[in-house]
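As structure tokens, the structure follows; a few thoughts come after it.
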Amino acid sequence: MDRKPLIAGNWKMHTNIEEARQLAAAVVKAAARVPDREVMIAPPYTALAAVESVIAGTGVMLGAQNVHWEGKGAFTGEISGIMLRDIGCGMAIVGHSERRHVFGESGRMINRRVKGALQSGLIPVFCIGETLEQREAGQTMQVLENQVRAGLDSVALTDGGQLVVAYEPVWAIGTGKTATEAQAQEAHSFIRGLLADLYEKNIAAQIRILYGGSVKPDNIDILMQQNDIDGALVGGAALNAESFERIICFQ
Ligand code: PGA
């Protein structure tokens, strides 16, 4: 089953509007060289409009870094899927490890966000991953299974393209420590099996699973050669035009 590779840049709480414009313009140029893959960038909310005006009509997709499940209401500090669609977003990152571990978002909350994204027509980039402590205690697969089952609880899909999963071991995020390609492949293949348990075979086989955690120009090629790695969710290296261009143009 063909899954189009997806390279996604998570800019986190970085870039002012002008920096965002310039970075987005560089991403557009790089993405145009490799039409066989998809590229998404998730700037901070304040730069969504500026980035949208740079990428409009280019095929580069706009992503948000989170999404609330309600369309509107008294939810200070939150943003709805309808609002994100309105500004041009096609995807939203949900359950990022910083949301889980720094801001205490629960599996149940993340599940609501996944559903909210889908309801408003956004593709959730649903993130999961174990901490170092959990890996060292041999709990990785159990943690991944719990996160998948909680996050995707009663999430119905009619097409595998409606969902993206990102495996991001917490110990590899922003640390410069990447999972080896074998560790990543092992986790991805396990996640693929979980998805096959939850969804019809042809739907599960179409869901893209990204790897994230210190993806860099010098490890992207080997990661992308793994059978069950369908792309990357890139933080730090997505903030530098040259390194993100190289990642987009992986071989
Ligand atoms: P990193 O971040 O590439 O800086 O490790 C990845 C992420 O948090 O999505």
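Here are a few things to note about the model shown:
- When only Cα pairs below 8 angstrom with a gap of at least 6 residues are kept, the chain shows a relative contact order of 21 percent.
- Span-like helix ranges in the chain, DSSP H, alpha carbon extent 30 angstrom or more, Kyte mean at least 0.0: none
- Partner lysines for LYS72 [C-alpha distance under 19 Å; skip if fewer than 8 residues away on the same chain]: LYS115
- Bridging of LYS201 to aspartates and glutamates at a Cα separation below 20 Å is possible for ASP2, GLU145, ASP153, ASP159, GLU186, ASP228, ASP230, once same-chain residues fewer than 8 apart are set aside.
- Radius 12 Å from Cβ of ASP221, net charge of other residues (Lys, Arg +1; Asp, Glu -1): 0
- Once backbone amide H atoms are built at 1.01 Å from N, GLY9 has MET40, ILE41, ALA42, VAL234 as its partners under 5 Å, excluding neighbours fewer than 5 places away on the same chain.
- Extension gain for the segment THR180 to ALA49, taken as residue separation times 0.36 nm less the Cα-Cα distance, is 43.5 nm to one decimal.
- For GLN65, the amide hydrogen comes within under 5 Å of the amide hydrogens of ILE93, counting only partners 5 or more places away or on other chains and with H modelled in the peptide plane.
- Translational diffusion coefficient of segment 6-248 (Stokes-Einstein, Kirkwood radius from Cα pairs, 37 °C, 0.692 mPa s): 185 µm²/s.
- Given charges at beta-carbon only (K, R positive; D, E negative), |dipole| of segment 6-248 in Debye: 380 debye
- Prolate/oblate/rounded label for segment 132-251 (Cα gyration tensor, a/c 1.5): oblate
- Sorted peptide list for 178-191, 120-133, criterion being average Cβ within 10 angstrom, highest first: 120-133, 178-191
- Taking amide H positions as modeled 1.01 Å from N, with prolines and chain starts lacking one, the residues under 5 Å from GLU130 and 5 or more places away or on another chain are VAL170.
- Scoring 49-58, 108-117 by mean Cβ neighbours within 10 Å over their residues and listing the highest first yields 108-117, 49-58.
- Accessible solvent surface per residue of segment 6-248, calculated while the other protein chains remain in place, 1.4 angstrom probe, Å²: 43 Å²
- Computed about the Cα centre, the dipole magnitude for segment 106-251 is approximately 480 debye when only Lys and Arg (+1) and Asp and Glu (-1) carry charge, each at its Cβ.
The values are calculated or read from the model by the stated rules, or taken from the named source; none is laboratory data. These numbers were taken from a predicted model, which means no experiment stands behind them. For neighbour counting, all protein chains shown are included, and Cβ atoms are generated from backbone atoms with ideal geometry for every residue, glycine included. For accessibility, only protein heavy atoms count, side chains too; no ligands or nucleic acids. Shrake-Rupley method; radii C 1.70, N 1.55, O 1.52, S 1.80 Å.
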